[in-house]
Amino acid sequence: MNSNELREMFLAFFESKKHLRIPSSSLIPSGDPTLLLTTAGMVQMKPYFLGEVTPPANRLTSSQKCFRTTDISTIGDHKHLTFFEMLGNFSVGDYFKENAIEFAWEFLTSKMGLDSDKLWVTVYLEDEEAFALWKDKIKIPTERIYRYGKKDNWWGPPGLEGPCGPCSEIHYDFGQTLGCTPIASPEQIRIWEEGRDYAESDVNQPGCHPNCDNCERFVELWNLVFMGFFQNQEKELSPLPAPNIDTGMGLERVSVISQGVRNVYETDLFRPIIKTVCLLTGNKYGEDNAIDKGIRIVAEHSRGAAFLIADGVIPGNDDRGYVLKRLLRRASFYSRNRLNYPPDSSPLLPQVVDSVINQFGCIYPELEINRKHILAVIENEEERFYLTLDWGVHTMELLASEAQKLWE
Ligand code: GLY
């Protein structure tokens with residue numbers, strides 16, 4: 001199934017469950033000074049969850065454009081992305097844990113046809129209700145239900161304050177052969193979690209487990225958040241006017257599974273962009289890890305930059321502008337230094353971004369409408385970066401030769 005079909009199938013499924021389909025909001029959160037960029041599908045639901053605004057319906061579904069800055073330096077690995085699309089269903093004071101769990105399970109197993117034995121679930125340490133629903137209602141064997149603490153199974157608030165709550169995640173198992181060590185039991189993980197120092201890495205973990213960071217066996221697929229609380233800037237919790245549901249499943253990750261590939265860059269969401277980067281730079285994908293990393297960075301950052309500019313961000317020295325500038329400079333740096341894109345060729349990134357717009361413009365018309373502006377901003381920034389880089393290299397060479405003369 002291609003990603004357009006998958007996105008549509010998700011939204012149509014939740015429409016059949018009486019949810020109102022709403023469009024993605026901008027990557028620039030509206031009226032929320034505590035948040036730099038839209039990081040999750042629930043961002044546009046915040047005023048509904050807080051009881052400040054009446055929602056157009058109590059059940060909503062969307063495919064939301066999201067951007068997370070925490071992952072920029074890890075981009076190029078097999079799973080992290082800055083920009084991604086998040087599929088979500090939301091209940092504003094309507095259904096709660098039981099329906100949220102049932103809907104998610106029905107979508108993954110009946111609609112998508114995933115093998116239920118490959119799905120493992122996690123719940124918050126103290127969430128007996130969610131544990132019982134997975135065990136008794138969905139009939140997941142207890143060997144595949146894990147309990148974790150706040151780091152993994154508590155979500156929100158996005159920004160400095162806002163709605164939050166315990167969450168339950170569904171993870172996909174790519175198989176034992178990808179595991180780092182034999183699997184730890186849920187009980188071993190519960191004991192480890194209860195005494196765990198999160199400042200430490202995972203070296204002391206009692207075995208592989210759904211949230212293991214040491215291997216690629218599991219991938220988190222869908223997060224179901226049971227939004228029951230408001231957290232203020234002093235980190236104090238108070239109950240929300242009503243319990244709500246917020247779920248998030250990354251389209252890129254679910255496409256990996258539905259398309260039977262190994263990582264997001266092999267899905268149809270990235271293949272055409274990767275192909276363009278390879279054609280333009282004369283590199284091959286899949287033969288050399290270092291080259292692959294460069295190709296992924298150029299593809300990923302070009303995609304993210306196109307969406308940021310379409311929503312009104314321009315490169316600058318602070319806040320969102322700085323995020324965009326960093327993205328473009330990192331992509332330019334890798335294109336020249338890792339992919340050997342010749343300095344005297346026409347700028348690379350506008351050509352890559354053009355292919356991004358060709359691919360996503362029909363789903364997100366703001367890309368098509370702003371095509372000329374997006375390309376001009378990117379071309380200008382790439383040229384400025386190379387001028388700065390060349391000037392820096394030239395100055396260093398001059399200094400080195402002056403220093404040499406001093407020694408002679
Ligand atoms: N809001 C749920 C998530 O982003 O995982």
Scan Ile101, Ile145, Ile140, Ile189 and give me the residue that is touching a His at 6+ places or on another chain (Cβ under 8 Å) and more than 13 Å from the ligand (Cβ to nearest atom).
Ile189
Just one of (1) touching a residue at least 40 places away in the same chain (Cβ under 8 Å); (2) surrounded by fewer than 18 Cβ atoms within 10 Å (Cβ to Cβ); (3) within 15 Å of the ligand (Cβ to nearest atom); (4) under 25 Å from Gln259 (Cβ atoms) trips up Asp71, so point out which.
(1)
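Answer with yes or no whether Leu349 is under 20 Å from the mean Cα position of the chain (by Cα) and buried (at least 22 other Cβ atoms within 10 Å of the Cβ).
Numbers: under 20 Å from the mean Cα position of the chain (by Cα): no; buried (at least 22 other Cβ atoms within 10 Å of the Cβ): yes.
Against the criterion (under 20 Å from the mean Cα position of the chain (by Cα) and buried (at least 22 other Cβ atoms within 10 Å of the Cβ)), Leu349 does not qualify.
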Determine which single condition Asp319 fails, assuming it passes every other condition in (1) over 18 Å from Asp77 (Cβ atoms); (2) of a type outside the set (Gly, Ala, Ser); (3) surrounded by 14 or more Cβ atoms within 10 Å (Cβ to Cβ).
(3)
Long-range neighbours under 8 Å by Cβ, at least six apart or interchain, first residue surrounded by 12 or more Cβ atoms within 10 Å (Cβ to Cβ) within the range 281-294, second assigned to a loop (DSSP other than H, G, I, E, B) and hydrophobic (A, V, I, L, M, F, W, C)
Thr281/Leu339; Asn283/Leu339; Ile291/Leu339; Gly294/Leu339
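Looking only at the range 254-299, how many residues end up being among the basic types (Lys, Arg) and at pLDDT below 95? Give the steps one after another, and end with the answer.
First, the residues of the range 254-299 that are among the basic types (Lys, Arg): 262, 271, 275, 284, 293, 296.
The next check asks that each one be at pLDDT below 95; those that pass are 262.
Adding up the residues that qualify gives 1.
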Which one of the conditions (1) loosely packed, with under 15 Cβ neighbours inside 10 Å; (2) over 27 Å from Thr74 (Cβ atoms); (3) of a type in the set (A, V, I, L, M); (4) in contact with a helix residue (DSSP H, G or I) (Cβ under 8 Å, 6 or more places away or on another chain) does Leu387 fail to meet, given that it meets all the rest?
(4)
Of a type in the set (Gly, Ala, Ser), in contact with a Ser or Thr (Cβ under 6 Å, 6 or more places away or on another chain) and within 15 Å of the ligand (Cβ to nearest atom) - does that describe any residue in the range 36-43?
yes
Can you tell me which residue in the range 220-259 is nearest to the ligand (Cβ to nearest atom), limited to those that are in a strand (DSSP E or B) and either in contact with a His (Cβ under 8 Å, 6 or more places away or on another chain) or among the acidic types (Asp, Glu) (or both)?
Asp246
Lone unmet requirement of (1) within 13 Å of the ligand (Cβ to nearest atom); (2) at pLDDT below 95 for Glu85:
(2)
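Going by the conditions given, is Arg190 in contact (Cβ under 8 Å) with a residue 12 or more places away in the chain, in a helix (DSSP H, G or I), of a type in the set (Lys, Arg) and out of contact with any Lys or Arg (no Cβ under 7 Å at 6 or more places or on another chain)? Before you say what the answer is, go through the steps one by one.
Numbers: in contact (Cβ under 8 Å) with a residue 12 or more places away in the chain: yes; in a helix (DSSP H, G or I): yes; of a type in the set (Lys, Arg): yes; out of contact with any Lys or Arg (no Cβ under 7 Å at 6 or more places or on another chain): no.
No; evaluated as a whole, the condition is false for this residue.
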Please state which of the following conditions Ser62 fails to meet, knowing it meets all the rest: (1) surrounded by 18 or more Cβ atoms within 10 Å (Cβ to Cβ); (2) within 27 Å of Arg262 (Cα to Cα); (3) of a type in the set (Ser, Thr, Tyr); (4) free of Cβ contacts under 8 Å to residues at least 40 places away in the same chain.
(4)
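The values are calculated or read from the model by the stated rules, or taken from the named source; none is laboratory data. These numbers were taken from a predicted model, which means no experiment stands behind them. So basically every Cβ, Gly included, is an ideal-geometry build from the backbone, and we count neighbours across all protein chains shown.
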